[in-house]
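Data first, discussion second: the structure below is written as structure tokens.
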Amino acid sequence: MPRSKEAALRAKERSSKLGPDLDVESFSRDARPWAPCPISGLPEDILRQALSVGVRVDEGKRAGTYFQMDHSVVFQGVQRALEGKTEIMSTQEALQKYGWVGDYWWKIIDVNQDKYTTLAELKWDQGYFIRIFEGQKVDLPLQACLFISKDNLNQNVHNLIVAEPNSEVQIITGCTIHPDVKRGLHVGITEFFVKEGAKLTFTMVHNWAQDFDVRPRTAALLEDNATFVNNYVCLKPVKSLQMYPVAYCKGDNSRARFNAIFYGAGNSYLDIGSKVILQGAGSRGEVIARALASDSAQIYARGLLVGEHEDSKAHLECRGLLLSDDASIHAIPELVARVKGTELSHEAAVGKIAGDQIRYLMARGFSEEEAQSLIVRGFMDASILGLPDALESEIKKIIDITAKRIL
Amino acid sequence: MLKIKGLTVETAGKKVLENVDLEIPEGEVHVLFGPNGSGKTSLIMSILGFPNYRVVSGEILFKGVNITSMPIDERVELGIGVAFQNPPAIRGVKLGDILNRLTEGEVDAWKLAESVNLPTEFLRRDLNLGFSGGELKRSEILQVLAQEPGLAIFDEPDSGVDVENLEIVGKAINSFLDGRSGLLITHLGHILRYIEADEAHVLINGSIACSGKPIKILSQIMKEGYRWCERCPEARKPR
């Protein structure tokens, strides 16, 4: 038995320290296989859902695509012109194709961290491998879609992204379900390796259902002068979602930035945070979170900055907007300085829409409802994600749809 | 245009305006002087109908309509526009988006911004966030120009504005007010160098202490300060 499997078995019963505990056996492992096909060949309702998480059919707008339905890979590939610059395939295929891929497998995430990492190892359902070749700059974003079409299904993906030295790329990943799916469990392991001088911007959009549970486990390792931007957008209700991605700024002058915009509606339980560990000289980190809670949603917005090098600096900003008296937002920013010289700071603000802002906009002629809507939309400002214009306007559209629904 | 009769207002349980009478006829520009804390901003908030300013007695008529208990946005719809002294910052709401809504896309917001010397990059910035004192004033004035209200109220448009910009915004306000009604609040009166005003009032302790020609009143204040008003027998007359 491979060592990772042995280790995984040891954590089979281990609950996560955060988030509600789940009975992973209560979800089905029985998925029907999907035959490979071009994305445009997928049913209309699936494509509509995919678009709602930023995954497009018109492949001309994307450098490459990975599309997984349940446990099957239905499409993978990059535009012909980009072959040799970047590649995208299932992790299973990548592990078979390249011996070295195994060296990155479970390298920065503990396989025995908890029962969800265990599940991803013991009952592994593909996931994507993306590689950007050394020195290549890919202008169009690459996209990946992890789709669940069957009710009560458990999907466990393990993704691996390697940005080789001095490469540059944008990746957008959309995780979503068929409108008929009510319940289910998605576990996503994602390991990022951002090599020397590489720049990787990763944007993940989630769109689940009120009875759905989600447990992503994400880590990134940054080498010298590497930049990693991780954007997260979640705007639909979910039963419980717990994640606490981490970036290890190991290299000198490495930079990690986490931006998250999430909205808890209905009975959603969201426990979302980001960690940056500053290990290299001149390493920098930034964490920005915007949390909105309505109905009776419960949100925990965490952040952890750890300064392990004298010349390191990071800032954490968490803002929460409460739209209902029955909802709650608990902001937990943590700063840990292990050496003198590291500069860590945070600001956190949680509250309702400020009355003076509403009155001010009303004095400009907006009605009270319009004023609230403007403030909420502004709060979910896509420009904090630092995306190129085209991608930003796509994300903005997704956010605008949600803002309209909220108000 | 605006007629305030016997207005008494409370905020946070404290009386801030007492028995204020003020009339601004159509096409006239009036100036309101007063020391800090005399109730100038409270008067504006009351004209706008901010709910935390409670009218105890009296009434406010605008264009002949009693607006005393009208919601803010309806008063604005009738034609009242205010450039605030200390506007709140609103994250993610861009100044340019507000201007586009106010002008309904019919006026070139970029050109308007140039008229108050506000660099057009501000249109892409979050409303009032990280603006300097002078930038806030110019942004506020810009929004009122875009609103094109029948009665434009400027709350201390000259405080925190440097000399060069004072002339620019003063002239912009003056040309905007040509043929309109306006109320200008000023603490030190600098902006009056550029604006033609018809009448001035002095607010002391929440009441209008005196009214008269702007130049005359300003020169008295400059000479003797607001103590002059406090000593004025007219101001002490029982109402």
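Computed from the coordinates by the stated procedures, all read-outs in this text should not be read as laboratory data. Only a predicted model underlies this, so the values are computations on that prediction, with no experimental measurement involved. As a convention, Cβ positions derive from the backbone with ideal geometry for all residues, glycine included, and neighbour counts pool all protein chains shown.
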Seminar exercise, completed: To the nearest 20 debye, the protein assembly as shown has a Cα-centred charge dipole, built from +1 on Lys and Arg Cβ and -1 on Asp and Glu Cβ, of 920
Problem set entry | Among A:Arg62, A:Arg32, A:Arg257, residue whose mean-square fluctuation peaks in a GNM of chain A (springs only between Cα atoms under 10 Å) | A:Arg32
Problem set entry | Backbone HN-Hα couplings from phi across segment A:166-174 [Karplus 6.51/-1.76/1.60, Hz, Gly and Pro as x] | 6, 8, 8, 7, 10, 10, 10, 10, x
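From largest to smallest, what semi-axes in whole angstrom does chain B give when each is the square root of 5 times an eigenvalue of its alpha carbon gyration tensor?
Details: eigenvalues 167, 86, 52 Å².
Over the Cα atoms of chain B, the ellipsoid semi-axes are 29, 21, 16 Å.
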For this session: Normalise the Debye intensity by I(0) for segment A:283-349, one equal point scatterer per Cα, no solvent, then take log10 at q = 0.12, 0.18 Å⁻¹ and round to two decimals.
Result: -0.36, -0.64
For this session: Please name whichever of B:Val169, B:Ala83, B:Ile195 sits farthest to the positive end of the charge dipole of the protein assembly as shown, dipole taken about the Cα centre and charges placed at Cβ: Lys and Arg +1, Asp and Glu -1.
Result: B:Ala83
Exercise. At q = 0.16, 0.28, 0.30 Å⁻¹, what base-10 log of I(q)/I(0) does the Debye formula yield for segment A:354-407 when every alpha carbon is treated as an equal point scatterer in vacuo?
Worked result: -0.53, -0.99, -1.06
Exercise. How large is the dipole of chain B about the Cα centre if only Lys and Arg carry +1 and Asp and Glu carry -1, each at its Cβ, rounded to the nearest 20 debye?
Worked result: 880
Problem set entry | For residues of B:67-76, the mean tally of beta carbons on other chains within 10 Å | 4
Exercise. Listing B:Lys223, A:Lys150 from the residue with the fewest other Cβ atoms within 10 Å to the one with the most, what is the order?
Worked result: B:Lys223, A:Lys150
Problem set entry | Approximate spin-label separation A:Leu18-A:Ser324, in nm, with each point projected 7 Å along Cα-to-Cβ | 2.3
Exercise. What is the distance in Å between the Cα centres of segment A:255-279 and segment B:83-100?
Worked result: 28
For this session: Just the number, please: percent antiparallel of the DSSP beta bridges in the protein assembly as shown, rounded to the nearest 5.
Result: 20
For this session: Of the DSSP beta bridges with both residues in segment A:3-353, give the percent that are antiparallel, rounding to the nearest 5.
Result: 10
Problem set entry | Furthest towards positive pole of dipole, A:Gln68, A:Ala163, A:Ala31, structure part chain A, Cβ charges | A:Ala31
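Just to verify a number: FRET efficiency for B:Lys5 and A:Arg405, C-beta to C-beta distance, R0 = 51 Å, to 0.05?
On the way: r = 46 Å, r/R0 = 0.91.
Working from the Cβ atoms, E equals 0.65.
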For this session: Putting +1 on Lys and Arg Cβ atoms and -1 on Asp and Glu Cβ atoms, find which of B:Gly58, B:Leu95, B:Gly133 reaches farthest to the positive end of the dipole of chain B.
Result: B:Gly58
For this session: Grab the DSSP H runs of chain A that are 4 residues or longer, score each as -39,500 (n - 2.57), total them, divide by all residues and round the 222 nm result to the nearest 500 deg cm²/dmol.
Result: -5000 deg cm²/dmol
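Can you tell me what percent of all Cα-Cα pairs in segment B:23-111 are more than 18 Å apart? Write out the running numbers ahead of the final one.
Values: 2278 of 3916 pairs.
Counting every Cα pair in segment B:23-111, those more than 18 Å apart make up 58 percent.
Going by C-beta contacts inside 10 Å, put B:Ile47, A:Ile384 in order with the fewest on the left.
Details: B:Ile47 22, A:Ile384 19.
So the ranking, lowest neighbour count to highest, is A:Ile384, B:Ile47.
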Problem set entry | Ranked A:Arg284, A:Arg29, criterion: other C-beta atoms within 10 Å, fewest first | A:Arg29, A:Arg284
Exercise. Looking at chain B, which longest stretch skips every one of the GluC sites (Glu not before Pro) that is in a DSSP loop with at most 13 other Cβ atoms within 10 Å, leaving the sites themselves out?
Worked result: B:107-195
Exercise. Amide H to amide H, which residues 5 or more places from B:Ala83 or on other chains are under 5 Å from it, using H placed in the peptide plane?
Worked result: B:Ile153, B:Phe154, B:Asp155
Problem set entry | MRE, 222 nm, helices only [DSSP H, n ≥ 4, -39500 (n - 2.57), over chain B, to nearest 500] | -9500 deg cm²/dmol
Problem set entry | Shape call, chain A: gyration tensor on alpha carbons, a/c limit 1.5 | rounded
For this session: Calculate the length of the line joining the C-alpha centroid of segment A:104-126 to that of segment A:195-211, in whole Å.
Result: 18
Exercise. Which whole number gives the average, over all residues in A:354-361, of C-beta atoms from other chains lying within 10 Å of the residue C-beta?
Worked result: 6
Exercise. Which longest run of chain A has no exposed loop site in it, a site being GluC sites (Glu not before Pro) in a DSSP loop with at most 15 other beta carbons within 10 Å, and the site itself not part of the run?
Worked result: A:135-309
